[in-house]
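Shown next, in structure tokens, is the structure this report addresses.
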Amino acid sequence: MPLDSIGTPLLWGVTLAIVLALFVLDFIVTRRPHEVRMKEALGWSVFYIALPVAFGVWVWTAHGSQIGLEYYTGYLVEKTLSVDNLFVFMLLLSAFAVPKELQQRVLLFGVAGALVLRGIFIALGAQLIANFSWAFLLFGGILLATAVKMLVDAVKGADHEVHVADLRSVKLARRFFPVTDDYRGTRMAVREAGRLSLTPLFLVVLAILAADIVFAVDSVPAVYGITGDPFLVFATNAFALLGLRALYFVLQGALASLVHLGYGLAAILGFIGGKLVLHWAHTIWPAVPEVPTLASLGVIVTILVIVVCTSLWATRDERKAARVSADR
């Protein structure tokens, strides 16, 4: 696992400019509140998948197959974790009764917050890894603990639960400001009777930003388990996050069918956590073997294929009943 980086100042500058331009583009698209149709969501999803794939081709060509493989594997891991994040986003949007025409604006703020938080976590992670070999053990422990929790929740059949009233961010906001009873378009605050009041839009954005912190704790160590290059870690996170807004509307109906996703994510995070622990052990005892990146990619793809197939098989009756009901 290399600790050097392909990220020259020029490459960092160009990449950050691209990410910023894409975010501004998304902001322009969501400036006029409207309900997102499947055709629009599919179009943007294809764009946001084609872009990182094309970027990976450049990485592979310019820096070799090993670096390219690390990039694609990291991106696949981040994209898979982002699907799990969408479950929580879906529940938050539902819990706050966010109007359909405002949902993509809320998701955009969530993406912006996630990008900033991931950037901070990536920088801290890079410093830890560069100066302390035990950081790999720490990251591995975080992932293994998360994997165990996900597995326990999956076995129990526990759903992602979001109790809005219990969210610390919501409690804090309501302690200092009154909150309006309804949404006021894209406004997060309004002045009524001479005092400032927050709108529910502010609270749902605050809740999603709080969830982003939890997601970053899992996502950043996970991709550091694939590559030690901070630039690749940032690029994979950024490309995975930028496509979340559109992916949400594409997968909104299909997410309920991925009933075994929890098992798959637990297996993936557990595998990467073990890989990080092995790498830490290798730095102390060189005789300890490391897991090659190609093998990591094979394991992750195999887990995803199994999870999707078993989920579709387990929900075949429900989907058949839904189709019959729709035909009536």
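The values are calculated or read from the model by the stated rules, or taken from the named source; none is laboratory data. Note that the structure is predicted; figures quoted are calculated from it, not measured. As a convention, Cβ positions derive from the backbone with ideal geometry for all residues, glycine included, and neighbour counts pool all protein chains shown.
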Self-check item: Residues satisfying the stated conditions in the range 13-22, i.e. hydrophobic (A, V, I, L, M, F, W, C) and either buried (at least 17 other Cβ atoms within 10 Å of the Cβ) or not in a helix (DSSP H, G or I) (or both)
Solution: V19, L22
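Yes/no matrix, rows are residues, columns are (1) over 17 Å from Y224 (Cα atoms); (2) of a type in the set (A, V, I, L, M, F, W, C); (3) out of contact with any strand residue (DSSP E or B) (no Cβ under 7 Å at 6 or more places or on another chain); (4) touching a residue at least 24 places away in the same chain (Cβ under 8 Å):
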site	(1), (2), (3), (4)
I6	no, yes, yes, yes
H34	yes, no, yes, yes
Y48	yes, no, yes, yes
W58	yes, yes, yes, no
Y72	no, no, yes, yes
Quiz item: If you scan the range 83-132, which residues turn out to be of a type in the set (S, T, N, Q), in contact with a helix residue (DSSP H, G or I) (Cβ under 8 Å, 6 or more places away or on another chain) and at pLDDT below 80?
Solution: N85
Practice problem: Kindly indicate the residue of the range 74-97 that is of a type in the set (S, T, Y) and buried (at least 20 other Cβ atoms within 10 Å of the Cβ) and also farthest from G56 (Cα to Cα) among those meeting that condition. | Solution: S82
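Matching residues to (1) over 28 Å from A41 (Cβ atoms); (2) assigned to a helix (DSSP H, G or I); (3) free of Cβ contacts under 8 Å to residues at least 40 places away in the same chain:
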{"site": "Q104", "(1), (2), (3)": "no, yes, no"}
{"site": "L108", "(1), (2), (3)": "no, yes, no"}
{"site": "V111", "(1), (2), (3)": "no, yes, no"}
{"site": "L124", "(1), (2), (3)": "yes, yes, yes"}
{"site": "L128", "(1), (2), (3)": "yes, yes, yes"}
{"site": "F136", "(1), (2), (3)": "yes, yes, no"}
{"site": "F139", "(1), (2), (3)": "yes, yes, no"}
{"site": "L144", "(1), (2), (3)": "yes, yes, no"}
{"site": "M150", "(1), (2), (3)": "no, yes, no"}
Practice problem: Give R191, R175 a once-over and let me know the one that is outside any loop (DSSP other than H, G, I, E, B), closer than 25 Å to V88 by Cβ and over 24 Å from the mean Cα position of the chain (by Cα). | Solution: R175
Quiz item: In the range 33-50, which residues are more than 17 Å from L108 (Cβ to Cβ) and under 20 Å from the mean Cα position of the chain (by Cα)?
Solution: L42, V46, I49, A50
Quiz prompt | Long-range neighbours under 6 Å by Cβ, at least six apart or interchain, first residue more than 24 Å from L76 (Cα to Cα) and among the charged types (D, E, K, R) within the range 276-299, second at pLDDT 80 or above and crowded, with 18+ Cβ neighbours inside 10 Å | solution = none
